[in-house]
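> Here it is: the structure, laid out below.
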Amino acid sequence: MSAATPVFRRPGVRLSLRYLAALLLTVIFLFPIYWLFIISLKTPEEIFAFPPVWYPKNLQFANYRVLFRDGDAVTVWNSLVLAGASTILAMIIGTLAAYSLVRFKTGGENLAVWIISQRMMPPVAIVFPIFLLYVFFGWVDSYHGLILLYTAFNLPYVIWMMRGYIEDIPLELEESALVDGCGRWAVLWKVVFPMARTGLFATAVFTFVFAWNEFLFALVLTRTEVITYTVQVTHYFGGQSNFWAKIAAMSVLGTIPVFVAVATMQRYLVRGISMGAVKG
Amino acid sequence: MEPGAPSGALAAPDRFFKYWLIAPAIFLLLLIGLFPLVYSLIVSFQRLTMLEADTSFAGLANYAQLFRDHRLWESLLHTAVITVIALPLELILGLAMAQLFLERMPGRQFFVSLLVLPTIISPIVAGAMWRLMLDNRYGPINQIIGWFAGKPVTLLWTVNPDLVYPAIIFCEIWQWTPFMFLILLAALSNVDRSLTEAAEIDGAGYWRTLVRIVLPQIWPVMAVAILIRGLDLVRIFDIIWALTGGGPGTITETISIYTYIQGFQQFETSYTAAIAFLVIAILTIIVVWAIRRMGLAK
């Protein structure tokens, strides 16, 4: 900046330069995603062309058709079931816990620290004992086993986020509802949940995305029945003969829902990924 | 105390109400928070493997083995190297990008929305994506480098021992710089403008204003971002699994990958439990210290 000549300081030039930088950054960051998408639409000849084909001549969906024909696409459904069910459970259990923490200061600060610290535990150290436990129960490769684990693992996040959103609700509203003759549960149902609904929705979307994108738990705890799309993608790796078309098509199938989910949540993105550290 | 009388199963006395609300959460968190710790501790004193159910007492044999295990310490070193290089780069690049987008410009929100996309992709997909990008023959990266070099380039990014770390760190930075960028942009937007303007009137230069006025103000948010990313990096698994699988050989094994291989490919149950216990114990200390230090629990 200090070395800038007066020309660079002119507002028009400055803005143009900033646009140029912004454009360049966007191209750099989005090119890999573009590449993934076009590989999924290329024919094998185009994928393995040298030099690489930068845009496919005619788009075709054969790579996706193969995934559906062979039944590989069912892994996307498995991801949906696991992420969906665990998100609903974590939202219910987590929101109630957050309410208890905020309104009644249950367990004090120590409990709050313990809860959030669970979020930061290494998944690999958690999943190993859990695997042994699930082998004992016969829960490996089952929906309920993974749903339970995803629910538990995402709970600290839900509690942490909902704590922030519930703190924003004015206490007077709840008090007046109590005075009007509502029970404790009625206050929750009629005042707290409606007031926190945008927060609930935003938190649910991010919780869903975390579970949807998860890999290690799914890798360890699935075999054939409930394989998720992330695990399926790695099944296509193999020495020299990677199934490029399948990797790309499966990745795109798994990525589009995330883009859609987060696009609806633009306003809450910062708060969502910073675990509430930045209130938007 | 309250006039309305809840009916049926909901008629919990008020003073237990708060515990009913939080009980299911505590129960589930004990499943991932306490059970693995206790169970790892017990198993780590036995001689279990996946093939042999030998529960006899092994004393501290497994823990003694930790100290002799070069592969373990190397994996910790690899983890540290990746963290120490990637974290500052993400922070600096994220801060620079946030500075670029701080001033208003038409279409800013559009750019920001697009730039955030890498962060929300599954890390396993990001790794797979970069594997395709970095392919020595059919990947565009070597092709682009070839344009600048003026001759065809066939670098083996995911196989050559000299190139795997740059590849991993590059992919890591690609995915998570937008995370830093987004959080720091929000933090910078909240900086009190009158202070920076006053500093500029007093003749403070750009860097001086940044270091003395701006950074102290965004530090609380920056600290949280560093904490979240730092812990993610220490636990890194997915990207490396997709890119190199820990190879070539064991060159890119991180602590998470090494633990996985011991447990699920070498089937050393008791020894893996000892590693898991070690990892949980180390991280618990770091995490609780960091959370308290940063006042995150307020």
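> Counting other beta carbons within 10 Å of each residue's own, what order do A:Met265, B:Met129 fall into, fewest first? It would help to have the intermediate numbers written out before the result.
Numbers: A:Met265 20, B:Met129 28.
In increasing order of surrounding Cβ atoms, one gets A:Met265, B:Met129.
> Mind checking the stretch B:21-125 for trypsin sites (Lys or Arg not before Pro) that DSSP puts in a loop (not H, G, I, E or B) and that have at most 12 other Cβ atoms within 10 Å? If you can, show how the numbers build up before the last one.
Numbers: sites: B:Arg47, B:Arg68, B:Arg71, B:Arg104, B:Arg108; in loops: B:Arg47, B:Arg104.
Here the sparse-neighbourhood loop sites are B:Arg104.
> Right, another one. My understanding is that a pair violates if its Cα-Cα distance is over 23 Å; which of A:Lys57/A:Lys246; A:Lys279/B:Lys18; A:Lys190/B:Lys18 do that in this structure? Provide the component values of the computation, followed by the final result.
Working: A:Lys57/A:Lys246 19 Å; A:Lys279/B:Lys18 26 Å; A:Lys190/B:Lys18 18 Å.
Cα-Cα > 23 Å for A:Lys279/B:Lys18; rest within.
> Place a point 7 Å from the Cα of A:Thr198 along the Cα-to-Cβ direction; which residues of the stretch A:257-280 have their backbone N under 15 Å from it?
Inside the label zone: A:264-272, A:279-280.
> On to the next question. Just from its helices, what would the mean residue ellipticity at 222 nm be for chain B, if runs of 4 or more DSSP H residues each count -39500 (n - 2.57) and the sum is divided by every residue, rounded to the nearest 500 deg cm²/dmol? Write out the running numbers ahead of the final one.
Working: 15 runs with 203 residues, N = 298.
Estimated from H runs of four or more residues: -22000 deg cm²/dmol.
> Return B:Lys151, A:Lys190, A:Lys246, A:Lys42 ranked ascending by Cβ neighbour count within 10 Å, so the fewest neighbours appear first. Don't jump to the answer; show the numbers that get you there.
Numbers: B:Lys151 7, A:Lys190 15, A:Lys246 20, A:Lys42 25.
Fewest to most other Cβ atoms nearby, the residues stand as B:Lys151, A:Lys190, A:Lys246, A:Lys42.
> Not counting the cut sites, what is the longest span of chain B without chymotrypsin sites (Phe, Trp or Tyr not before Pro) that DSSP labels loop and that have at most 16 other Cβ atoms within 10 Å?
B:58-266
> Helix-only estimate, please: 222 nm mean residue ellipticity of chain A, summing -39500 (n - 2.57) across DSSP H runs of length 4 or more and dividing by its residues, to the nearest 500.
Numbers: 15 runs with 198 residues, N = 280.
Computed ellipticity for chain A at 222 nm equals -22500 deg cm²/dmol.
> How crowded by other chains is B:243-256, given as the mean number of beta carbons from other chains within 10 Å of each beta carbon?
Numbers: counts 1, 0, 2, 0, 0, 0, 0, 0, 0, 0, 0, 1, 3, 5.
If you average over the peptide's residues, the count of other-chain Cβ atoms is 1.
> Could you work out how far apart the two model spin labels at B:Leu210 and A:Phe136 are, taking each label as a point 7 Å from the Cα in the direction of the beta carbon, and quote it in nm?
5.5 nm
> Give the longest segment of chain B that steers clear of GluC sites (Glu not before Pro) in DSSP loops with at most 15 neighbouring Cβ atoms within 10 Å, not counting the sites themselves.
Numbers: sites that count: B:Glu52, B:Glu103.
Here the longest run is B:104-298.
> What do you get for trypsin sites (Lys or Arg not before Pro) in the stretch A:55-146 restricted to DSSP loop and a cutoff of at most 14 other Cβ within 10 Å of the site's Cβ? Intermediate results must be reported in sequence, preceding the final value.
Working: sites: A:Lys57, A:Arg65, A:Arg69, A:Arg103, A:Lys105, A:Arg119; in loops: A:Lys57, A:Lys105.
Counting only loop positions with at most 14 other Cβ atoms within 10 Å, the trypsin sites (Lys or Arg not before Pro) in the stretch A:55-146 are A:Lys57, A:Lys105.
> Turning to a different aspect of this structure: At what distance in nm do the modelled label points of A:Leu24 and A:Ala186 sit from each other, each positioned 7 Å from its Cα along Cα→Cβ?
6.5 nm
> Related question: Take peptide A:228-237, look around each residue's Cβ out to 10 angstrom, count Cβ atoms belonging to other protein chains, and average those counts.
Details: counts 2, 3, 7, 1, 1, 7, 7, 0, 1, 7.
Mean number of neighbouring Cβ atoms from other chains: 4.
> Okay, moving on. Assign one of three labels to the stretch A:6-60, namely rounded, prolate or oblate, based on the Cα gyration tensor with a ≥ b ≥ c the square roots of its eigenvalues; rounded applies when a/c is under 1.5, prolate when it is not and a/b is larger than b/c, and oblate otherwise.
On the way: a/c = 4.44, a/b = 3.77, b/c = 1.18.
Prolate is the answer for the stretch A:6-60, as a/c is 1.5 or above and a/b outweighs b/c.
> Then there's this: Test of understanding: in a Gaussian network model of chain B with alpha carbons linked when under 10 Å, which of B:Ile169, B:Ile257, B:Ile183 would top the mean-square fluctuation ranking?
Greatest mean-square fluctuation among the candidates belongs to B:Ile183.
> Provide the gained length on full extension for the span A:Arg10 to A:Leu59, in nm with one decimal, where the gain is 0.36 nm per separating residue minus the Cα-Cα distance.
Details: separation 49, 0.36 × 49 = 17.64 nm, distance 4.48 nm.
Length gained, A:Arg10 through A:Leu59: 13.2 nm.
> With θ set to phi - 60°, apply the Karplus curve 6.51 cos²θ - 1.76 cosθ + 1.60 along the stretch A:156-164 and write out the HN-Hα couplings as whole Hz, x wherever there is a Gly or Pro.
x, 4, 4, 4, 4, 5, 5, 4, x
> What's the average, rounded to a whole number, of partner chain beta-carbon atoms within 10 Å of each residue's beta-carbon in A:45-57? Write down the numbers at each step before the final one.
Details: counts 0, 1, 2, 3, 1, 4, 7, 9, 2, 2, 0, 0, 0.
Mean shielding by partner chains, rounded to a whole number: 2.
Readers should treat all values here as calculations from the given coordinates under stated rules, not as data from a laboratory. For clarity, every value in this text was computed on a predicted model and none was experimentally measured. Note: ideal-geometry Cβ built from the backbone for every residue, glycine included; neighbour counts use all protein chains shown.
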